[in-house]
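**Student:** So that we are looking at the same thing, I have put the structure below in structure tokens.
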Amino acid sequence: MRPSAVRLLNILVPIKRAVDYAVKIRVNPEQTGIDLNVKHSMNPFDEIAVEEAIRIRERLKDAVKSIKVVTIGPPKSAETLRTALAMGADSAIHVEIPESAPAPEPLGVAKTLKALIERQKEGVDVVILGKQAIDDDAGQTGQMLAGLMGWSQATFASKVEVDPEQKIANITREIDGGLEELRCKFPVIITTDLRQVHLHVSTKPRYASLPNIMKAKKKPVEKLTAAEIGVDLTPRLETIKVTEPPKRVGGGKVASVDELLARLKEAGVTGKRA
């Protein structure tokens, strides 16, 4: 009896266009959110996820059939997809929403990703995404997607080793007490941590070279809408008001302990006996 051929891996990498990490965040004049008229770039954690997917291909060679990136966002998000394609992804999906539409919430994103996974004719074996986005810091999408799909999950991954023959992934993840090792069966959802870069210098996200940027322009990008895949991205939460924290008042110097105690007493601070 001839052994069955090992199915080639299909990797999906969700990415997000977010305010650039170097930009100083400011509240917009309407106090409905932050000012978005600033530089945007790929969410750093998602950039690590793209890099890890490419590294898996470099390690496994032809065992990886495709690396597909997906984003949900306004038309400008296409630039973020092209960056991922220039890094080494093969194709992309853009679920386009209007420029004026509110940012999708984690549950809406997870439902969208579930619908997209179910549309893939060749299936998806591994989903790799950043552990959180730096704009909302929610850190929920990967876990919600795993729950909706009923798939294995490993969050805050710092090391990923994939065995396509055994159809398992060995993952080292960050926990409060140190590191935890997990063995997950395919299909699996992995969220990457910054330590993914720090533990392995070679996995620092690569810069897209000019030739690869030119090649990325010819790679396929499928455009869809939420309605076309049957997903409602209407937010469930309403942001009432966003304000900046109060400015810190400068301190003062005192010449003695007695003066310090007097100042504290004036401020209404009283001590208690132990």
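**Student:** Dimensions of segment 1-83 along principal axes (Cα, Å, largest first)?
**Tutor:** Principal-axis extents of segment 1-83 (Cα, largest first): 71, 21, 18 Å.
**Student:** Rounded to two decimals, what is Rg over Rh for the chain when you use alpha-carbon atoms and the Kirkwood radius?
**Tutor:** 1.11
**Student:** Considering only protein heavy atoms, what per residue accessible area in square angstrom results for segment 122-274 with a 1.4 angstrom probe?
**Tutor:** Spelled out: the 1.4 Å probe surface of segment 122-274, per residue, equals 71 Å².
**Student:** With a 1.4 Å probe and all protein chains left in place, how much of the accessible area of the chain comes from carbon and sulfur atoms, in whole percent? Mind showing how you got there, number by number?
**Tutor:** Numbers: 8850 of 16900 Å².
So the carbon and sulfur contribution to the accessible surface is 52 percent.
**Student:** Which values, in whole Å and largest first, are the semi-axes of the equivalent ellipsoid of segment 68-119 obtained as the square root of 5 times each eigenvalue of the Cα gyration tensor?
**Tutor:** The answer is 19, 15, 8 Å, longest axis first.
**Student:** Once ligands and nucleic acids are excluded and a 1.4 Å probe is used, how much of D135 is accessible, expressed in Å² to the nearest 10?
**Tutor:** Here the residue's solvent-accessible area equals roughly 70 Å².
**Student:** Which ³J(HN,Hα) values, rounded to whole Hz and listed in residue order, are derived for segment 234-245 from phi using the Karplus coefficients 6.51, -1.76 and 1.60 in 6.51 cos²θ - 1.76 cosθ + 1.60 with θ = phi - 60°, glycine and proline given as x?
**Tutor:** So the Karplus estimates, Gly and Pro as x, are 4, x, 8, 10, 10, 7, 6, 7, 10, 10, 7, x Hz.
**Student:** Not counting ligands, DNA or RNA, and with a 1.4 Å probe, what is L194's accessible surface area in Å² rounded to the nearest 10?
**Tutor:** About 70 Å², rounded to the nearest 10.
**Student:** Counting only pairs 8 or more places apart or on different chains, how many lysine pairs in segment 1-108 have C-alpha atoms closer than 20 Å?
**Tutor:** Lysine pairs satisfying the spacing and distance rule in segment 1-108 number 7.
**Student:** Counting Lys and Arg as +1 and Asp and Glu as -1, each charge on the Cβ, what is the dipole of the chain about the Cα centre in debye, to the nearest 20? Show your work: numbers first, answer last.
**Tutor:** On the way: 42 positive and 36 negative charges, 101 e Å.
With only Lys, Arg, Asp and Glu charged at Cβ, the dipole is about 480 debye.
**Student:** Let me ask something else. Using only the Cα atoms, what convex hull volume per residue in Å³ does segment 101-244 have? Walk me through the numbers on the way to the answer.
**Tutor:** On the way: hull volume 27.7 nm³, N = 144.
Each residue corresponds to 192 Å³ of Cα convex hull volume.
**Student:** Which part of segment 230-251 falls in the paramagnetic zone of A267, meaning amide N under 14 Å from the point 7 Å along Cα-to-beta-carbon?
**Tutor:** Residues passing the 14 Å test: 248-251.
The values are calculated or read from the model by the stated rules, or taken from the named source; none is laboratory data. Bear in mind that the values here come from a model prediction, so they are computed numbers and not experimental data. Cβ atoms come from the backbone with ideal geometry, glycine included; neighbour counts cover every protein chain shown. We work out accessible area using only protein heavy atoms, side chains counted, and drop any ligands, DNA or RNA first. Shrake-Rupley method; radii C 1.70, N 1.55, O 1.52, S 1.80 Å.
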